[in-house]
Amino acid sequence: MMGWIEGIQSAIEYIEDNITEELTVHEIAEKACVSAFHFQRIFNVLCGFTLGEYIRNRRLSIAAEELSKSDAKVIDVAMKYGYDSPDSFTRAFTKFHGISPSAAKLKGAKLRSFARVKIKLTLEGGTMLEYKIVEKAQFTVMGKARSFDVETAYTEIPKFWDEHKESGETDIVVGMYGICLDNDGKRFEYLIADNYLPWNEVPAGYEARVILSGTWAVFPCKGALPKSLQDVNTKIWSEWLPGCKEYKLAGSYNIEFYSPPTENPDDYYCEIWIPVEKI
């Protein structure tokens with residue numbers, strides 16, 4: 001099986017080799033041998049920016065170099081790097097570089113460079129990440145679902161939680177789970193959900209979903225939110241999974257489990273559940 005770091009690097013090389021072509025997250029993720037859903041989460045954690053941001057920034061960086069060193073027309077460069085019109089290219093270019101594409105052609109123009117990413121495995125001080133592997137039977141949840149763009153989900157999902165809490169409907173669903181379900185690699189569904197009791201009706205605006213039985217890596221998170229959850233999440237994708245020799249990712253979803261609130265936020269407990277399977 002391809003190594004974790006090698007897989008991500010292979011995906012990056014595919015992007016670079018096809019930077020002027022139409023790129024899909026599914027094609028890119030295939031090079032890393034993981035699902036589109038998981039690849040984007042891994043890439044974001046390891047690199048500090050989204051896959052879409054990386055592709056856009058690399059194209060704008062290379063386009064600027066091409067404009068400054070050749071007689072290429074702005075419209076031709078815009079089309080070459082995936083823009084539908086010179087206007088949309090000019091807006092994106094100016095936002096990134098601080099000058100227009102036409103100004104970039106002038107001698108001495110100051111441009112910004114966005115270097116290609118190279119993933120390397122580095123050894124740092126040992127950190128403890130508590131986890132357990134558990135078998136969970138199939139279960140059903142009921143919740144409120146919303147579709148999110150991968151690019152903006154980090155800021156939009158907390159707003160979804162705030163909206164739910166302010167709706168007065170926490171007597172219907174408290175929010176025991178936050179569940180990510182992949183749609184197409186670009187968007188995914190997120191459910192604020194509780195365990196479903198089959199003798200209850202599903203209210204309008206809510207839906208029931210079946211979570212299949214399987215093997216899960218369960219990671220406890222202790223401390224105030226969102227920091228405790230984010231810290232553990234980063235360690236899962238950047239440390240635990242790259243170094244794990246027994247398990248690999250399975251399924252295109254993951255679950256956050258939330259316990260009842262505590263008086264002291266620093267005492268709060270929640271979990272991240274990642275579906276896995278034996279290698």
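The values are calculated or read from the model by the stated rules, or taken from the named source; none is laboratory data. Note that the coordinates shown come from a computational prediction; the quantities given were computed from them, not determined experimentally. Virtual Cβ from ideal backbone geometry, glycine too; neighbours counted across all protein chains shown.
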note = Result of the Cβ filter at 6 Å on region 162-180, keeping first residues that are assigned by TED's automatic domain parsing to the domain that holds GLY143 and at pLDDT below 95 and partners that are part of a loop (DSSP other than H, G, I, E, B) and of a type outside the set (Val, Ile, Thr), at least 6 apart or interchain, is ILE172/PRO203
ask   = Only one of ALA137, ALA193 is of a type in the set (A, V, I, L, M, F, W, C), without any contact (Cβ under 8 Å) to a residue 60 or more places away in the chain and closer than 18 Å to GLU271 by Cα; which?
value = ALA193
inquiry  = Within region 57-73, does at least one residue satisfy the condition of being buried (at least 18 other Cβ atoms within 10 Å of the Cβ) and in contact with a strand residue (DSSP E or B) (Cβ under 7 Å, 6 or more places away or on another chain)?
reply    = no
note = Taking region 13-55 and keeping residues of a type outside the set (D, E, K, R), out of contact with any Ser or Thr (no Cβ under 9 Å at 6 or more places or on another chain) and assigned to a helix (DSSP H, G or I) leaves TYR14, ILE15, VAL25, ILE28, PHE39, CYS47, LEU51, GLY52, TYR54, ILE55
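Quick one: how many residues across region 196-225 are outside any loop (DSSP other than H, G, I, E, B) and without any contact (Cβ under 8 Å) to a residue 60 or more places away in the chain? Don't jump to the end; show me each part of the working.
Pass one, region 196-225, residues outside any loop (DSSP other than H, G, I, E, B): 207-211, 214-222.
Next, only the ones that are without any contact (Cβ under 8 Å) to a residue 60 or more places away in the chain stay: 221-222.
Count: 2.
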Search result, residues across region 229-279 that are over 17 Å from the mean Cα position of the chain (by Cα), small (Gly, Ala, Ser) and within 23 Å of ASN195 (Cβ to Cβ) = SER259
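Would you call GLU16 farther than 27 Å from THR155 by Cα and either without any contact (Cβ under 8 Å) to a residue 24 or more places away in the chain or in contact with an Asp or Glu (Cβ under 7 Å, 6 or more places away or on another chain) (or both)?
no
Table: residues versus (1) closer than 25 Å to ALA250 by Cβ; (2) touching a strand residue (DSSP E or B) at 6+ places or on another chain (Cβ under 8 Å); (3) in the same structural domain as ILE55 (by TED's automatic domain parsing).
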{"site": "GLY82", "(1), (2), (3)": "no, no, yes"}
{"site": "PHE114", "(1), (2), (3)": "no, no, no"}
{"site": "SER147", "(1), (2), (3)": "yes, yes, no"}
{"site": "GLU156", "(1), (2), (3)": "no, yes, no"}
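Considering only residues that are part of a helix (DSSP H, G or I) and crowded, with 17+ Cβ neighbours inside 10 Å, which ones fall in region 243-279? Break it down stepwise before answering.
Within region 243-279, the first condition is being part of a helix (DSSP H, G or I), and the residues that meet it are 243, 265-267.
Once the filter is applied, which keeps residues that are part of a helix (DSSP H, G or I) and crowded, with 17+ Cβ neighbours inside 10 Å, region 243-279 yields nothing.
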Matching residues in region 158-193 - criterion: being assigned to a loop (DSSP other than H, G, I, E, B) and either over 23 Å from LEU249 (Cα atoms) or among the aliphatic types (A, V, I, L, M) (or both) = SER167, GLY168, GLU169, THR170, ASP171, ILE172, VAL173, VAL174, GLY175, MET176
remark   = Selection from region 30-57 of residues touching a residue at least 24 places away in the same chain (Cβ under 8 Å) and either of a type in the set (Asp, Glu) or assigned by TED's automatic domain parsing to the domain that holds PRO242 (or both) yields GLU53
key: Candidate set from region 13-54 (those that are among the β-branched types (Val, Ile, Thr) and at pLDDT 95 or above); member that is surrounded by the fewest Cβ atoms within 10 Å (Cβ to Cβ)   = THR20
note = Subset of region 19-29, residues touching a residue at least 60 places away in the same chain (Cβ under 8 Å) and hydrophobic (A, V, I, L, M, F, W, C), comes to ILE19, VAL25, ALA29
key: Scan of region 127-138 for residues that are loosely packed, with under 13 Cβ neighbours inside 10 Å and either out of contact with any Lys or Arg (no Cβ under 8 Å at 6 or more places or on another chain) or of a type in the set (D, E, K, R) (or both), ordered by number   = MET128, GLU130, LYS132, ILE133, VAL134, GLU135, ALA137, GLN138
